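Coordinate-derived values only; no laboratory data. In this text the structure is predicted, and so the values were computed from the model without any measurement. Neighbour counts are summed over all protein chains in view; Cβ atoms, including those assigned to glycine, are modelled from backbone coordinates with ideal geometry.
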Amino acid sequence: MNGAESLVRTLLNGDVNVCFANPGTSEMHFVSALDRVEGVRCILGLFEGVVTGAADGYYRMAGKPAATLLHLGPGLGNGLANLHNAKKARSGIVNVVGEHAGYHIQYDAPLTADIEGVARPMSDWVKTSHSSKSIAADGALAVEAARTAPGQIATLILPADTAWGESDGPAQVAEPAPRAAVSSQVIAEGARALKNGKSTMLMLGGVAVRGKALEWAGRIAAKTGCELMSESGNARIERGAGRASVRQLPFVVDAALAATKNARQMVLVGAKQPIAFFAYPGKPSVLTPEGCEVIKVASAEDDLEAALEALAGELGARDTAPLVNAATYTGAVPTGNVTPEALGAFFNTMIPEHAVVMDEAITSGRAFTTATMGARPHDWLSIMGGSIGWAMGASVGAAVAAPDRKVIALIGDGSALYTQQALWTMARENLDVTVVIFANRAYKILVNELANVGAGAPGPNANSMLTLGNPNLDWVMIAKGFGVEGGRASNFDELAVQFKRGLDRHGPYLVELVL
């Protein structure tokens, strides 16, 4: 058994059984091992940003890491933007990155690079394995790092001679350590804040926005009258009718300040104190009102479900009915011309039960999260690191992790161009994804940001960098070229037909909504 095969078998020992890949020459022994060892599903992405985005989406839905297979430093570099998003989402990923054989590096071949240097900014754990005898043990450490709560990026660098050399066989992978418990003293402090009568916001993040943890938060809100708020972006939040009513902090600074203005206390469970996405002249970076006391109960890596259950117990809220969203999805589907506000109402009515919604609509989707709180129960996944080009690849991973659920990807046309190659993977794997492209033919958010930062009105040069026309993109033809069927809509009547067409089929479908 060579080193590559011992590594594959070690990954399987750690329940890493999906590999999103874009390999090259140095990784061929690992590719061959994936062929020989049964149990790993191998999925090709035509660009490394698709591969790393898919691994992020997979972790968010599966709750366990996938592997990626990347080619040397440049291949890893191509995937860094979505590794950044994955790190901000606290997703666990095992990157396997090929390297030249150890004896070849001294010759400075064209693809020679400082792979560890490339990896470190977007990784929590980095190691180069220098021996075929140790690669299995190093692989076990990588899986253990990736599974460390709430999830970490582990990058294991595999020199070619380590892959083809003889090994001593696979290694065992230790079980993940349990999440850290929050002390009873901290729970008591949080409970005192929640019942002292001051206007209080309970800010949730991480896994606190789903499952039993979210239910406990809903009970606490009903008992104490606190306002439930989540971070503006969430790796995965369970939303919709019958689920705890949690508002998401708005992206826009003025709207976020308005949302938090009445809070005299902010209790953090799995969330950070809210800050602005960017700095704006004359506006604050910290989005809590002056004089608001911030009480941290639990960090994202802590046992958030147990912490919220303990808070509920301390507050006498265990048997309190949770504050939940009322159903609002029974309204008529909007007709006529498309407006941003009515788009929210459209998706509120049309999102099917148990859908997985990938949100990278950027400008067009600003109103979606508020408008869809009473939709049929669904999961909502946000771009976390702000590096656009996430949702196409992440939809691949989410669909692989949850094959019995419809994935709906809401994406701006500018964002979608970064990783459009994901459409091909969707077609090849017959993934059940309905993609809606909001074709405003611009980096519309940047048009708005030009004014927000006080840089003035766009002139000819600025406009040329912020618009996507001349020529206009044809997303239906782009999708067809990648093997995905699609249709175009320019009003709500056409959108209803096209969106339903995507929902009614199993497999990928793309809708271009021309705005």
For this session: Name the long-range amide H neighbours of residue 409: under 5 Å, sequence gap of 5 or more, or other chain; modelled H, no Pro or chain starts.
Result: 358, 434, 435, 436
Exercise. Sequence-distant or interchain residues sharing an amide H contact under 5 Å with residue 294, placed H: which?
Worked result: 266
Exercise. How far apart, in nm, are the 7 Å Cα→Cβ label points at residue 327 and residue 452?
Worked result: 3.6 nm
Problem set entry | Using θ = phi - 60° and Karplus 6.51 cos²θ - 1.76 cosθ + 1.60, couplings along segment 112-121 (whole Hz; Gly, Pro as x) | 5, 7, 7, 5, 4, x, 5, 6, 4, x
Exercise. Which pairs break 18 Å Cα to Cα here: 64/406; 88/272; 64/87?
Worked result: 64/406
Seminar exercise, completed: For residue 442, other-chain or 5+-apart residues with amide H closer than 5 Å (H placed, Pro excluded) are 414, 468
Problem set entry | Mean residue ellipticity (222 nm) of the chain, computed from DSSP H runs ≥ 4 via -39,500 (n - 2.57), nearest 500 | -10500 deg cm²/dmol
For this session: Note the full-extension length gain between residue 319 and residue 262 as 0.36 nm times their separation in residues minus their Cα-Cα distance, in nm to one decimal.
Result: 17.7 nm
Seminar exercise, completed: Nearest-0.05 FRET efficiency for residue 36 and residue 353 at R0 = 35 Å, using Cβ-Cβ distance, is 0.25
Problem set entry | ³J(HN,Hα) computed for each position of segment 92-108 - Karplus, 6.51 cos²θ - 1.76 cosθ + 1.60, integer Hz, glycine/proline x | x, 9, 10, 8, 10, 10, x, 9, 4, 4, x, 6, 8, 4, 4, 8, 6
Seminar exercise, completed: Here, residue 166 and residue 461, labelled 7 Å along Cα→Cβ, have an inter-label distance in nm of 6.5 nm
Exercise. Residue-wise, which Karplus ³J(HN,Hα) couplings in Hz belong to segment 216-225, taking 6.51 cos²θ - 1.76 cosθ + 1.60, θ = phi - 60°, and x for glycine or proline?
Worked result: 4, 4, x, 5, 4, 4, 5, 6, 9, x
